[in-house]
Amino acid sequence: GAIPEYRLPQYEIDKDLAVLEGLGVEVRYGQTAGRDFTLDDLRTEGYERVFVAVGAQLPKYLGFDGEDADGVLDALTFLRSVREHDPVPIGSRVGVIGAGDTAMDCARSALRVGADEVTIIYRRSTDQMPADPEEIHGCLEEGVRIEEHANPAAYHVEDGTLAGLVVTRTEYRGDRDSSGRKIPHDVPDSEFEIPLDTLILAISQHSLL
């Protein structure tokens, strides 16, 4: 539902579904658990085992004041809207916080739905990004800018609408975390603002379960 169509065309999904349906799998569309059915309902129908595979669909946020402002989006909401051919209006200048494949999907999708300037904002350097190198290369080839060593500090909101993101410049000082990654440290008195119409948060998701 959220993977961009340029990476996963609809006909590929249809092919996979056709295989499942050919094997006898029944797909019930438009069903919401707890509203249209319950686990007890499924057991009453004779299902002995229920496997829950809903994924991590709830977005994580930065926790700054102004997070509810117009122009602040989570990655999955944006990507779903693009996939459904009804993209959320994003304006001309778009920022993406994150460094994984989802962030790359957001950045490249933003260009495809009309953004003039797209900037990925990352507190480390590009070589430390966990995204697939091919995805990072694709972003750069298409004109996405990467603002390295920039740690989000605050939203700039005017009349309930996002106007920019205040960030602090970071630097490496030689130490590493438990996984071996370089630790970025804020540089004192280095704050600056990136003007934005939309900020997309691609900083991971979590689940209720």
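Extending each Cα 7 Å along its Cβ direction at ARG176 and HIS85, get the distance between those two points in nm, one decimal.
4.9
Percent relative contact order of segment 2-94, based on C-alpha pairs within less than 8 angstrom and at least six residues apart?
Computed value for segment 2-94: 43 percent relative contact order.
Would you calculate, for the chain, the mean residue ellipticity at 222 nm contributed by helices, counting each DSSP H stretch of 4 or more residues as -39,500 (n - 2.57) and dividing by all residues, to the nearest 500?
Result for the chain: -7000 deg cm²/dmol, rounded to the nearest 500.
Given the whole protein assembly as supplied and a 1.4 Å probe, what does the accessible area of ILE3 come to in Å², nearest 10?
Ignoring ligands and nucleic acids, ILE3 comes out at about 80 Å².
Give the carbon-plus-sulfur fraction of the accessible surface of segment 63-209 in %, rounded to a whole number; probe 1.4 Å, heavy atoms of protein chains only.
46
Please state the charge dipole magnitude for segment 89-209, taken about the Cα centre, from unit charges on C-beta atoms (+1 on K and R, -1 on D and E), reported in debye and rounded to the nearest 20.
300
Report the local net charge at THR170: Lys and Arg +1, Asp and Glu -1, summed over other residues whose C-beta lies under 12 Å from its C-beta.
0
Which peptide among 57-65, 108-116 comes first, and what is the full order, when sorted by highest mean count of other Cβ atoms within 10 Å?
Highest mean packing first, the order is 108-116, 57-65.
I'd like the accessible area for GLU5: 1.4 Å probe, protein heavy atoms, all chains in place, Å² to the nearest 10.
The value for GLU5 is about 70 Å².
Answer with a single label: of (1) 1.20; (2) 1.10; (3) 1.05, which was calculated as Cα Rg over 2.2 N^0.38 Å from the structure in view?
Checking each listed value against the structure points to (1).
Would you mind working out the magnitude of the charge dipole of the chain relative to its Cα centre, with +1 at each Lys and Arg C-beta and -1 at each Asp and Glu C-beta, to the nearest 20 Debye?
500
With a point put 7 Å past each Cα toward its Cβ, work out how far ARG43 is from VAL187 in nm, to one decimal.
6.0
The values are calculated or read from the model by the stated rules, or taken from the named source; none is laboratory data. Not measured: the values here are computed from a predicted model. Backbone-built Cβ (ideal geometry, glycine too); neighbour counts: all protein chains shown. Side chains are part of the model used for accessible areas, which takes the heavy atoms of the whole protein and leaves out ligands, DNA and RNA. Shrake-Rupley method; radii C 1.70, N 1.55, O 1.52, S 1.80 Å.
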